[in-house]
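Here the structure is laid out as structure tokens; the discussion comes afterwards.
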Amino acid sequence: MRTIVDILAQIFRSLWAHKLRSFLTMFGIAWGVGSLLLLVGVGEGFRSGNKREMAEFGKDIMFLFPGRAPAVKGNMNSARSYLLTYDDYLDIRKAPHVRNAAPLISRGDLHEVSEFANGSGEILGTEPQLNEISYLPLKEGRWLNQLDGEQRRNVIVLGSELSKTLFPGRPTVGSFILINGLRFEVVGSMPHLGHGDNLWLNMRGYIPFQVMSAAFPIKGENHQNSISFIEYQPRVTAEHKLSQDDVHQIVGRNHGFDSSDENAFDEWDSIQESKMVGTIFDVMNMFLGAVGMVTLALGAIGVINIMLVAVTERTHEIGLRKALGATNRSILFQFFLEGLLLTLGSGLIGMFFAGVLMAMMGTVQGPGGFDPPKLVPMSALLAIGSLTLAGVVAGLYPARKAAMLQPVEALRQE
């Protein structure tokens, strides 16, 4: 019985004797595995990026904005505009399928001034429970509380970019700013939110709702008691449609229009959006699965074809080895090891290069909602395992047929 070292030496001599064929076989396997892993990795990066971006808004968050109510259902030509009010918010918060809600007044035309610089961020007046709905982490200081509103304290929490603008390189919390001439104390600041150089969420300041409604109400005639929009959450995620129906009925009743007309509402449901994105990912997974199966099938056919030809060409060699005393078991073991090394080694090379390429792509700043490609271990295991199995079986089948021949018959084969 030959040692493993002798068998490996024989395998490498055989592969070297057919350098071009061996290279093409390995290249085909490595290319198939690498391209499949890269494709799946891009899809996984897209999935995780969208999941992360949705999480930055908050959990189970739903938005309601002012809309237009048609006088005749479905006929938007007869529509009239309506504004949301603080009373709408109070009613929505009591709705049976609503867990939490917060009113917001938004103004982007206010001017912020510190002792160091001027700013023009978006100022939002809201109530303390907003940070239970939206994702609003703190970097330092504190968030707004109930007493801030009840006592109408002039306090503000600054977003990261607005902090940098007003206090470049200087402490923020405990400092003061002027908003249209009104003095506010900075009680908290937030870390950078969002991906990359996103300014939308970070050029914001949050002040108590009561202060905002008194000092900076929404401009315009007949805008008394008006708010910019309402954020709310369903009692449980599965009831988001029921909570939306509750909100529609409240707003329709309060503003005198048919609440069953969906055209009358301007809103955004992050739960429904997540479901739609999930459906897109399901379709993408089916597509990637189909492409992966085709890639693996083509790779397996190529490996099988080359292994069949390679072993058939060596029937004469098998006969000579049997004549010299080699057993069927030792012959089959050599071809098993050769097929295993060729396919498994090539698959690992393909996985390595795919991993290197993904790491390089990870250094490039992608668009919002896209994370760098990620290596999916299960896909790598499936791809390499399938091609390795195909290569080993393709090598063992003709090798077994040749090994079963008598030495004289095998030596006669051309």
Residues satisfying the stated conditions in the stretch 86-109, i.e. touching a strand residue (DSSP E or B) at 6+ places or on another chain (Cβ under 6 Å) and over 14 Å from Tyr232 (Cα atoms): Ile105, Ser106, Arg107, Gly108
Extreme residue, modelled with the lowest pLDDT, among residues of the stretch 186-226 that are in contact with a Lys or Arg (Cβ under 8 Å, 6 or more places away or on another chain), of a type in the set (A, V, I, L, M, F, W, C) and open to solvent by 30 Å² or more (accessible area, probe 1.4 Å): Ile218
Matching residues, the stretch 225-264, being of a type in the set (S, T, N, Q), free of Cβ contacts under 8 Å to residues at least 40 places away in the same chain and under 15 Å from Ser81 (Cα atoms): Ser259
Residues (over 15 Å from Gly43 (Cα atoms) and either open to solvent by 40 Å² or more (accessible area, probe 1.4 Å) or at pLDDT below 75 (or both)) located in the stretch 360-384: Met360, Thr363, Val364, Gln365, Leu381, Leu382
Residues satisfying the stated conditions in the stretch 49-96, i.e. surrounded by fewer than 17 Cβ atoms within 10 Å (Cβ to Cβ) and at pLDDT below 75: Lys51, Arg52, Ala55, Glu56, Ala71, Val72, Lys73, Gly74, Asn75, Met76, Asn77, Ser78
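The values are calculated or read from the model by the stated rules, or taken from the named source; none is laboratory data. On a predicted model such as this, the values are computed, not experimentally measured, just so you know. For neighbour counting, all protein chains shown are included, and Cβ atoms are generated from backbone atoms with ideal geometry for every residue, glycine included. All accessible areas refer to the heavy atoms of the entire protein, side chains included, with ligands and DNA or RNA removed. Shrake-Rupley method; radii C 1.70, N 1.55, O 1.52, S 1.80 Å.
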